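Data block below; observations after.
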Amino acid sequence: MDLIFASGNAHKIKEIGAMLPNNFQLKSMKDVGIFEEIPETGTTLSENAELKARYVYELLKSKGVEAFVLADDSGIEVSALNGAPGVFSARYAGEPKNDTANNRKLLFELQNTTKREARFVTVLSLILNGKRYTFEGEVKGTIAYEARGRQGFGYDPLFIPRGFRSTFAELGEELKNSISHRAEALKKLLAFLKSEPI
């Protein structure tokens, strides 16, 4: 089964592709000839995920292609910052998107507090036969006092999942992909697809 992933984020494509069973093939927007960046104007992760999925679905449909489209919007919510950066996680430090700058800003905002509780959230939006389905995953943890680790992307060098002393960027791809917010959302998606006649 082909799933078109409504994102230009190569890291997310690789991560989700690694978690999918062999009977699924994840295709990027570039694979189906879509190269523009989709505006993320929603006020929630769920709205942005739907915007991206619906945009790609409708564009392909206008070309006569009926596709299964998947989109992801993820964010980190820090308790001491009243849930920020949340929906603005990817552009927390401004345009253009820059992981290093985002991490630096988050550490700056938390420099005077020991309250480091946070959660990572992913919302997956699936357009299947024209209908939208939503799957959410989360993982709770804390924010480290400095960036640690060289693997992963985004806020992975700062996020320590509950029950661990290492950041996502230190844990390695295989372990992260078994416990992450994205993995939890994807498990719900796969369970739905098994039960849904396609």
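The values are calculated or read from the model by the stated rules, or taken from the named source; none is laboratory data. Everything quoted here is computed from the prediction, not taken from an experiment. Because the Cβ atoms are built from the backbone with ideal geometry, glycine has one as well, and the counts that use them run over all protein chains shown.
Residues in the range 138-148 that are without any contact (Cβ under 8 Å) to a residue 24 or more places away in the chain and closer than 15 Å to S74 by Cα: K140 alone. Of the residues examined, K115 is one that is among the charged types (D, E, K, R) and surrounded by fewer than 22 Cβ atoms within 10 Å (Cβ to Cβ). When the range 31-57 is filtered for residues that are exposed (fewer than 13 other Cβ atoms within 10 Å of the Cβ) and without any contact (Cβ under 8 Å) to a residue 40 or more places away in the chain, the ones remaining, listed by number, are G33, F35, E36, E37, P39, T41. Residues in the range 123-149 that are at pLDDT below 95 and at positive phi: N129, G130. If you take the residues in the range 15-33 that are among the polar types (S, T, N, Q) and either under 12 Å from F5 (Cα atoms) or touching a His at 6+ places or on another chain (Cβ under 6 Å) (or both), which one is modelled with the highest pLDDT? Looking at the filtered set, the residue picked out is S28.
Figure legend. Inter-residue proximity from the range 59-75: first residues exposed (fewer than 14 other Cβ atoms within 10 Å of the Cβ), second residues part of a loop (DSSP other than H, G, I, E, B), beta-carbon distance below 9 Å, spacing 6+ or different chains. Indicated pairs: K63/G33; E66/N129; E66/G130. The residue that is farthest from the chain's Cα centre (by Cα), counting only those in the range 76-98 that are assigned to a helix (DSSP H, G or I) and of a type outside the set (K, R), is A80.
In the range 109-137, how many are assigned to a strand (DSSP E or B), touching a residue at least 24 places away in the same chain (Cβ under 8 Å), basic (K, R) and more than 18 Å from D156 (Cα to Cα)?
1
Of note, E40 satisfies the criterion of being modelled with pLDDT under 95 and touching a strand residue (DSSP E or B) at 6+ places or on another chain (Cβ under 9 Å). Screening the candidates F153, F159 for the property of being more than 19 Å from L110 (Cα to Cα), hydrophobic (A, V, I, L, M, F, W, C) and touching a residue at least 12 places away in the same chain (Cβ under 8 Å) yields one hit, F153. Within the range 162-197, the set of residues being in contact (Cβ under 8 Å) with a residue 24 or more places away in the chain, of a type in the set (K, R) and more than 21 Å from R91 (Cα to Cα) comprises K176, K187, K188.
How do the pairs read when you match residues in the range 12-30 that are assigned to a strand (DSSP E or B) with residues anywhere that are at pLDDT below 85 and of a type outside the set (S, T, Y), using Cβ under 8 Å and keeping only pairs 6 or more apart or on different chains? The qualifying pairs are Q25/M1; S28/G8.
Among residues of the range 150-177 being buried (at least 18 other Cβ atoms within 10 Å of the Cβ), small (G, A, S) and modelled with pLDDT of 95 or more, the one that is nearest to N98 (Cα to Cα) is G154.
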